[in-house]
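**Q** Sending over a structure as structure tokens; questions will come in a sec.
The values are calculated or read from the model by the stated rules, or taken from the named source; none is laboratory data. Just so it is clear, the structure is predicted and the values come from calculations on it, not from any experiment. Reconstructed Cβ throughout: ideal geometry from the backbone, glycine too, with neighbour counts over all protein chains shown. Accessible surface is based on the protein model in full, side chains and every heavy atom, while ligands, DNA and RNA are left aside. Shrake-Rupley method; radii C 1.70, N 1.55, O 1.52, S 1.80 Å.
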Amino acid sequence: MSQSAVAQTSAETDPTRSHAVNHRFVDANGLTFCVETRGNPEGEPVLFIMGLGAQMTLWPEALLDRYADEGYHVIRFDNRDIGLSTHLKDRLEGHPVAMMARSRVGLLIPAPYTLKDMAADAVGILDALDVPNAHLVGVSMGGMISQLVSSLWPERVRSATLIMTSTNSPRLPMPKPKLIWRLAGVGAKGHDEASVVGRSLDFWKLIQSPAFPPPEDDVRERLIREYRRSYHPAGILRQTRAILATGSLSSLSRRIRVPTAIIHGKADPLVRPVSAEQLKYLIPHAHLELIDGMGHDLPEPLLERFATISLSVIRASS
């Protein structure tokens, strides 16, 4: 793992935001990552790690500001192969659905990288920012990455908040069938803005929280912003392959010793609620919160509840 130097720094001030935001690009592990910070630079660092195919901008501003309001140094970044971070060019071997089937029976999966490499990215970003250790908040795939960092680099982690994630065990229930085909990219046609936004909107309707549906126009506007910021479907397929190639994290998850919160929706159709219960079994000291009506998203009405749960374990680590 290579330590890195700041390659570019720019400050952004927006009168509509509660906190000034700083954008920069840093090098780690031979790649370049787009990183954003806000809040108190001298405060305890909180590193937010996003999920599969999602840019860092999917983290709600109100949630990040909530931590900044408490005096924390808030850090988020684009994972490799997504957003404004390095886009790789490796070709994938094998059909996506066939690779999913192989993963269910424990066969080796060819992949350019795994989640362990992405966990090393997170550690490399902390190195680049001269951050010795941080609280982790990971969602979905980001929660898997958080588990890996917490178990393989325990000295770098103060606490972990694991949101709608799992151990990636093949024994866990699969997502609903119509979601599997979407994740594999089967039948996707058209890469223009209207086609991509339309497909993405349909997907979000399948996974969003049934008790907290956002206005469709708000989701559409966000998807347009995301598309215009960056559109890299090959990176999503490689990240999916990384998950499959990593296999179960169970043996590593049980090694987590830092204060931990597990947050999961009872209505999650993508990562089933039993995944959270397995995590609680493996990390018995963790606090588990199962939320009625929550799917696989971060709905605005639940943001304060997320923050309250997470901040409680953060404070417990002090």
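**Q** Which whole-Hz ³J(HN,Hα) couplings does the range 192-209 yield from phi under the Karplus relation 6.51 cos²θ - 1.76 cosθ + 1.60, θ = phi - 60°, glycine and proline marked x?
**A** 3J(HN,Hα) across the range 192-209, in whole Hz: 6, 4, 5, 5, 5, 5, x, 4, 5, 5, 4, 5, 4, 5, 6, 10, 5, 5.
**Q** Nothing charged except the Cβ atoms of Lys and Arg (+1) and of Asp and Glu (-1): what's the magnitude of the dipole of the range 160-318 about its Cα centre? Round to the nearest 20 debye. Display every interim value, and only then the final one.
**A** Working: 22 positive and 15 negative charges, 156 e Å.
Result for the range 160-318 is approximately 740 debye, rounded to the nearest 20.
**Q** Positive end of the charge dipole of the chain (Lys, Arg +1 and Asp, Glu -1 on Cβ, about the Cα centre): tell me which of Ser85, Val313, Pro284 has its Cα farthest that way.
**A** With unit charges placed on the Cβ atoms, the residue in question is Pro284.
**Q** Here's something else I'd like to know. With the cut-off at 1.5 for a/c, could you classify the range 209-301 from its C-alpha gyration tensor as rounded, prolate or oblate?
**A** Since a/c reaches 1.5 but b/c is at least a/b, the shape of the range 209-301 is classed as oblate.
**Q** Could you sort Glu42, Glu193 by their accessible area in this structure, using a 1.4 Å probe and putting the largest first?
**A** Glu42, Glu193
**Q** Something else: How big is the Rg/Rh ratio for the range 164-318, C-alpha atoms only, Rh by Kirkwood, two decimals?
**A** Computed over Cα atoms, the ratio is 0.99.
**Q** If you plug each phi of the range 148-164 into the Karplus form 6.51 cos²θ - 1.76 cosθ + 1.60 with θ = phi - 60°, what whole-Hz ³J(HN,Hα) values come out, in order, with x for Gly and Pro?
**A** Result, rounded to whole Hz: 5, 5, 5, 8, 8, 10, x, 5, 9, 10, 9, 7, 9, 10, 10, 10, 6.
**Q** Per DSSP H run of at least 4 residues, take -39500 (n - 2.57); add these up for the chain, divide by its residues and hand me the 222 nm value, nearest 500 deg cm²/dmol.
**A** Helices in the chain give a 222 nm mean residue ellipticity of -11500 deg cm²/dmol.
**Q** Considering only protein heavy atoms and a probe of 1.4 Å, how much of the accessible area of the chain is carbon and sulfur, as a whole percent?
**A** 53 percent
**Q** Taking the alpha-carbon centroid of each part, what is the distance from the range 241-303 to the range 215-234 in angstrom?
**A** 26 Å
**Q** Is the range 110-161 rounded, prolate or oblate when judged by the Cα gyration tensor, a ≥ b ≥ c being the square roots of its eigenvalues, rounded requiring a/c under 1.5 and prolate requiring a/b larger than b/c?
**A** Numbers: a/c = 2.01, a/b = 1.34, b/c = 1.50.
The shape class here is oblate.
**Q** So if each residue of separation counts as 0.36 nm, and I subtract the Cα-Cα distance between Glu155 and Lys266, what length gain in nm does that give?
**A** Stretched fully, the Glu155-Lys266 segment lengthens by 36.7 nm.
**Q** Would you mind checking which residues have amide H under 5 Å from Gly265's amide H? H placed 1.01 Å from N; only 5 or more apart, or other chain.
**A** Met164, Ile291
**Q** Given the chain, what percent of its DSSP beta bridges are antiparallel, to the nearest 5?
**A** Around 45 percent of the beta bridges assigned by DSSP in the chain are antiparallel ones.
**Q** Taking the Cα centre of the chain as origin, sum charge times position over the Cβ atoms of Lys and Arg (+1) and Asp and Glu (-1), and report the length of that vector in debye to the nearest 20.
**A** Dipole of the chain, to the nearest 20 debye: 1320 debye.
**Q** From the Cα gyration tensor of the chain, with a ≥ b ≥ c the square roots of its eigenvalues, which class applies: rounded if a/c is under 1.5, or else prolate if a/b is larger than b/c, or else oblate?
**A** Rounded is the answer for the chain, as its axis ratio a/c remains below 1.5.
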